Amino acid sequence: MKNAVIHIYFVPGLAASPKIFEFLQFSETNFKLHFLEWLIPLSEHESIQDYSRRMADLITENNPVIVGVSFGGIIAQEISKHINTKKVIIISSVKTSNELPKRLKIVQ
């Protein structure tokens, strides 16, 4: 039986582009890589939930793995609330608002 290809979607940090992932190497037999670009917010009042819904609409494969770096990790977690995922991997990010630095909690 042939193994299904695992689709991996990468979300870069806020001030980064998908180029941060350009040197990652995966078996092309087992994995298909997709690199998400940041979208322009619809307004300054667009919530992270609404923004992540629009990002989720860019994902065309079922049950993908989503990898997010920094703020991309937060978006990756939010995307997983809108679609079924095989796994969410966050790098240099936070899992909950309790992990935010104090200076960012004040901004909230």
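Inspect the stretch 21-29 for any residue being closer than 18 Å to Glu78 by Cα, surrounded by fewer than 17 Cβ atoms within 10 Å (Cβ to Cβ) and more than 14 Å from the chain's Cα centre (by Cα) and give the result as yes or no. Looking through the stretch 21-29, none of the residues is closer than 18 Å to Glu78 by Cα, surrounded by fewer than 17 Cβ atoms within 10 Å (Cβ to Cβ) and more than 14 Å from the chain's Cα centre (by Cα).
Could you count how many residues in the stretch 12-36 are in a loop (DSSP other than H, G, I, E, B) and of a type outside the set (D, E, K, R)?
Applying the first criterion (in a loop (DSSP other than H, G, I, E, B)) to the stretch 12-36 yields 12-17, 22-30, 36.
Subset that is of a type outside the set (D, E, K, R): 12-17, 23-27, 29-30, 36.
Total satisfying the criteria: 14.
Among residues belonging to the stretch 64-91 that are without any contact (Cβ under 8 Å) to a residue 24 or more places away in the chain and part of a loop (DSSP other than H, G, I, E, B), point out the one that is nearest to Leu33 (Cα to Cα). Only one residue tops the list, namely Thr85.
Taking (1) surrounded by 11 or more Cβ atoms within 10 Å (Cβ to Cβ); (2) assigned to a loop (DSSP other than H, G, I, E, B); (3) touching a residue at least 24 places away in the same chain (Cβ under 8 Å) in turn, Leu39 satisfies each apart from (3).
Please determine, by comparing only the residues of the stretch 43-57 that are part of a loop (DSSP other than H, G, I, E, B) and at pLDDT below 95, which one is surrounded by the most Cβ atoms within 10 Å (Cβ to Cβ). Walk me through it before giving the result.
First pass over the stretch 43-57, keeping only residues part of a loop (DSSP other than H, G, I, E, B): 43-47, 57.
Restricting the remaining residues to those that are at pLDDT below 95 gives 43-47.
Values: Ser43: 6, Glu44: 5, His45: 7, Glu46: 14, Ser47: 10.
Checking each candidate, the answer is Glu46.
Among residues that are touching a Pro at 6+ places or on another chain (Cβ under 9 Å) and without any contact (Cβ under 8 Å) to a residue 24 or more places away in the chain, Pro18 is included.
The values are calculated or read from the model by the stated rules, or taken from the named source; none is laboratory data. Just so you know, these numbers come straight off a predicted model, no measurement behind them. Using ideal geometry, Cβ is built from the backbone for each residue, glycine included, and neighbour counts are taken over all protein chains shown.
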